[in-house]
Amino acid sequence: MLTCCSAIWRSPCCRPNDVEGDDGDGSAKVKPEMSVIDAFYAELQYAVFSVLCEGESQVFTCLVSPPAWFQQFAPAIALGGTGNPADDLPYLDNFLIDAATFWQSQAVGKLASGPWVERDAEGGEWPLEAIALNVQGEWLLQITHLGDDFNRQRRQRQTARENLLTQEQLELEVLSRTRQIKLREAEIALRLVTAACFRDEETGSHIRRIGLYAAEMGRALGWSQARIDDIRLAAPMHDLGKIGISDKILLKPDKLTPSEFEIMKRHAEIGAEMLGDSGISMLDCAADIAGCHHEKWNGEGYPRGLKGLDIPETARVVAIIDVYDALSHKRVYKKSFSEQETLGLMDEMAGEHLDPNLYQVFLSIIEEVRVIRARNPD
Amino acid sequence: MLQKKICLLGAFSVGKTSLVQRFVESMFSDKYLTTVGVKVDKKVLSVDDQDIKLMIWDLEGEDDYCKINSSFLRGAAGYILVADGMRPQTLVTALAIHESSQALLGQIPAIVAMNKADLRASWRVSEADLQAAEAILPVLYTSAKSGNNVDVLFSNLAQSMLQAK
């Protein structure tokens, strides 16, 4: 658990009486010879320098009595004296490059360094900021102790970042839980399909190939990863409804009679009914596929005689890959066809049985399809 | 004495300041105290019988609202990209910062510190992402809390800087 803790940096008033000229409140002691305006500047906690360019180098002249916090970093620099504050405050080295460009531009206004934290010899932290100014043609450098302004700024950022961290943790948790749910969905899908496989001749390899071909089609169609994941799991369930067909018909080695075929056709509706209305996107996808994978592009399919784009896209995809897999592999009732023969037959089906546009997409991924086929033989 | 500026870069709350504190002061605090702007620290290190003074610039971490001020990287001889193994996105941020830093500084020595290694059992960053990072940059598994690999991190970078000079 993150906690917001109090600032550990030094405020101008927290220094002990260990700095020469410090009268206990952190500011420079008002010496008798100090003018009112010098004393005023000393109270402001600013160190202010005029800057003159001498060839490559810059000469810094201290214009105000330096406050105590500054003196402990640069004890040699006094009012009216010269010395480069960057020798003692290394961060300034970097800022003075930008400041020089700003001064030379003669731009009106100021350039701020942004806050930085300087550490003293005792490990105390001092939040400072440098500001370059062009005032009436004079180049000025002001170094400020940010004090409570820094404290406020840090508290604000601390709160904002703690909120961002909480949000990030919640998002990671949601992601992790979603992944667990997806894994469970995949496991349930696999077991459902395995159960169906016990009843007919379909092999585990066929199931894997159908899912992988479908996912490859989804990728080629530019689908979201979530939709691709759905069809990879849902496509193998296209024949799940066969669970509801009697063994006498399902396992009959001979050609089915017209009345037996009518019963067999019911597997599409049974599958859709088994998988539908779950409110789970993967199962909804599976229900569409199970119910419509025997519909034909020309409207002559079953069970509803849907035509063209009225057939869900997922079902049109699975119709193509199911035909490809069935033709290119051996079944008890047929020999396997070569790829050339398979694609020749499918060319004739495109526009009649199969969606001709999706078939072109399938042909565009034929290399990937071959790799899947080679890696998942029967 | 040879002096080199190095920067600690990365997303917010990955442990950049804690790594510096562990290295410079041998201290660690569990409290998260966000850095605003820059913190500059110094430490002298002896590498291959040579003393090298590291000027360590600990830069405010990146978040949705605050990006790294590229002028802070000026003059750096090397940098450490810090990521938190518990937060996979911080490795993505570190590698993105590496790309933009390279564009600015050229090929200078850099190391990824996969921090919070004491909590490695709960890390969410994937092995594949770690391997991808290792293909780009040297990666060290550090813990500012236990001190594991912290000195190695800075001395490896110092050594690379000396070899690169």
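Taking every alpha-carbon pair under 8 Å whose residues sit at least 6 apart, region A:183-375 reaches a relative contact order of 20 percent.
Taken along the Cα-to-beta-carbon direction at a fixed 7 Å, the label points for A:Ser50 and A:Val371 span 7.4 nm.
For B:Gly85, nonlocal amide neighbours, meaning residues 5 or more places apart or on other chains whose placed amide H falls under 5 Å from its own, are B:Asn115. Evaluated over the Cα positions of the protein assembly as shown, the convex hull gives a direction-averaged projected area, one quarter of its surface, of 35.0 nm². Taking 7 Å steps out from each Cα toward its Cβ at A:Thr82 and B:Met27 produces label points 4.0 nm apart.
Which of A:Asp98, A:Asp230 has the fewest other C-beta atoms within 10 Å, and how do the rest follow up to the most?
Numbers: A:Asp98 15, A:Asp230 27.
With the sparsest Cβ surroundings first, the list reads A:Asp98, A:Asp230.
Rounded to the nearest angstrom and listed largest first, the equivalent-ellipsoid semi-axes of region B:84-124 from its Cα gyration tensor are 25, 11, 4. For chain B, averaging the sequence separation of C-alpha pairs within contact (under 8 Å, six or more residues apart) and dividing by the residue count gives a relative contact order of 26 percent.
Using only C-alpha atoms and all pairs of different ones, pull out the Kirkwood radius for region A:36-145 in Å with one decimal. Present the calculation step by step, with values, prior to reporting the outcome.
On the way: mean 1/r = 0.0708 Å⁻¹.
So the Kirkwood estimate lands at 14.1 Å.
Sorting A:Cys53, A:Cys62, A:Cys197, A:Cys285 from the fewest to the most surrounding beta carbons within 10 angstrom yields A:Cys53, A:Cys197, A:Cys62, A:Cys285. In this entry, region A:226-378 is assigned a mean projected area of 9.4 nm², taken as a quarter of its C-alpha convex hull surface.
How charged is the neighbourhood of A:Glu260? Take every other residue with its Cβ under 14 Å from the Cβ of A:Glu260, and add Lys/Arg as +1 and Asp/Glu as -1. Don't jump to the answer; show the numbers that get you there.
Numbers: positive: A:Lys242, A:Lys248, A:Lys252, A:Lys255, A:Lys265, A:Arg266; negative: A:Asp247, A:Asp254, A:Glu262.
Its environment carries a net charge of +3.
Between the alpha-carbon centres of region A:303-354 and region B:95-130 there is a gap of 49 Å.
Between A:Ile181 and B:Arg120, how high is the FRET efficiency from 1/(1 + (r/R0)^6) when r is the Cβ-Cβ distance and R₀ = 30 Å? Nearest 0.05. Display every interim value, and only then the final one.
Details: r = 26 Å, r/R0 = 0.87.
Efficiency at R0 = 30 Å is approximately 0.70.
Taking every C-alpha pair closer than 8 Å and separated by at least 6 residues, the mean separation divided by the residue count of chain A gives a relative contact order of 10 percent.
As a footprinting exposure proxy, order A:Trp116, B:Trp57, B:Trp123 by other Cβ within 10 Å, with the fewest listed first.
On the way: A:Trp116 27, B:Trp57 24, B:Trp123 18.
Fewest-to-most ranking of A:Trp116, B:Trp57, B:Trp123: B:Trp123, B:Trp57, A:Trp116.
Toward the positive end of the charge dipole of the protein assembly as shown, with +1 on the Cβ of Lys and Arg and -1 on the Cβ of Asp and Glu, the farthest Cα among A:Ala107, B:Val82, A:Pro258 is that of A:Pro258. Cross-link reach is defined here as a Cα-Cα straight distance under 18 Å, omitting same-chain residues fewer than 8 places apart; for A:Lys242 the lysines meeting it are A:Lys252, A:Lys255, A:Lys265. Once the Cβ-Cβ distance between B:Lys67 and A:Arg191 is put in as r, and R0 is 35 Å, what FRET efficiency do you end up with, to the nearest 0.05? Taking R0 as 35 Å, the efficiency between B:Lys67 and A:Arg191 is 0.10.
Taking other residues whose beta carbon is less than 11 angstrom from the beta carbon of A:Asn298, and scoring Lys, Arg as +1 and Asp, Glu as -1, yields -2. At q = 0.10, 0.11, 0.17, 0.19 Å⁻¹ the log10 of I(q)/I(0) for region A:162-312 amounts to -0.42, -0.50, -1.03, -1.22, computed by Debye summation with a single uniform scatterer per C-alpha, solvent ignored.
The largest-to-smallest principal axis extents of the Cα set in chain B are 42, 33, 31 Å. Taking 19 Å as the cut-off, the amide N atoms of region A:142-179 that come nearer than this to a point 7 Å along the Cα-to-beta-carbon line of A:Gln225 belong to A:168-179. By the helix-only formula, in which each DSSP H run with n ≥ 4 contributes -39500 (n - 2.57) and the sum is divided by residues, chain A has a 222 nm mean residue ellipticity of -16500 deg cm²/dmol.
Tell me, what is the FRET efficiency for A:Ile37 and A:Thr61 to the nearest 0.05, using R0 = 25 angstrom and their Cβ-Cβ distance as r? The value I calculate is 0.95. Whose amide H sits under 5 Å from the amide H of A:Leu354, counting only residues 5 or more places off or on another chain, with H placed in the peptide plane? The answer is A:Trp297. Of the GluC sites (Glu not before Pro) found in region B:1-110, none is in coil by DSSP with at most 11 other Cβ atoms within 10 Å of its Cβ.
Report the extension gain between A:Glu341 and A:Thr166 in nm, rounded to one decimal, defined as 0.36 nm multiplied by the number of residues separating them, less their alpha carbon distance.
Working: separation 175, 0.36 × 175 = 63.00 nm, distance 5.89 nm.
Computed gain between A:Glu341 and A:Thr166 is 57.1 nm.
If you wrap region A:279-348 in the convex hull of its Cα atoms and look at it from every side, the mean projected area works out to 5.6 nm².
Between B:Asp51 and A:Val361, the simple label model (points 7 Å from Cα in the Cβ direction) yields a spacing of 7.0 nm.
Every read-out reported here was derived from the displayed coordinates using simple, explicitly stated rules and does not represent laboratory data. Quantities reported herein were computed from a predicted structural model and do not represent experimental measurements. All Cβ positions, even for glycine, are placed from backbone atoms using ideal geometry, and neighbour counts span all protein chains on display.
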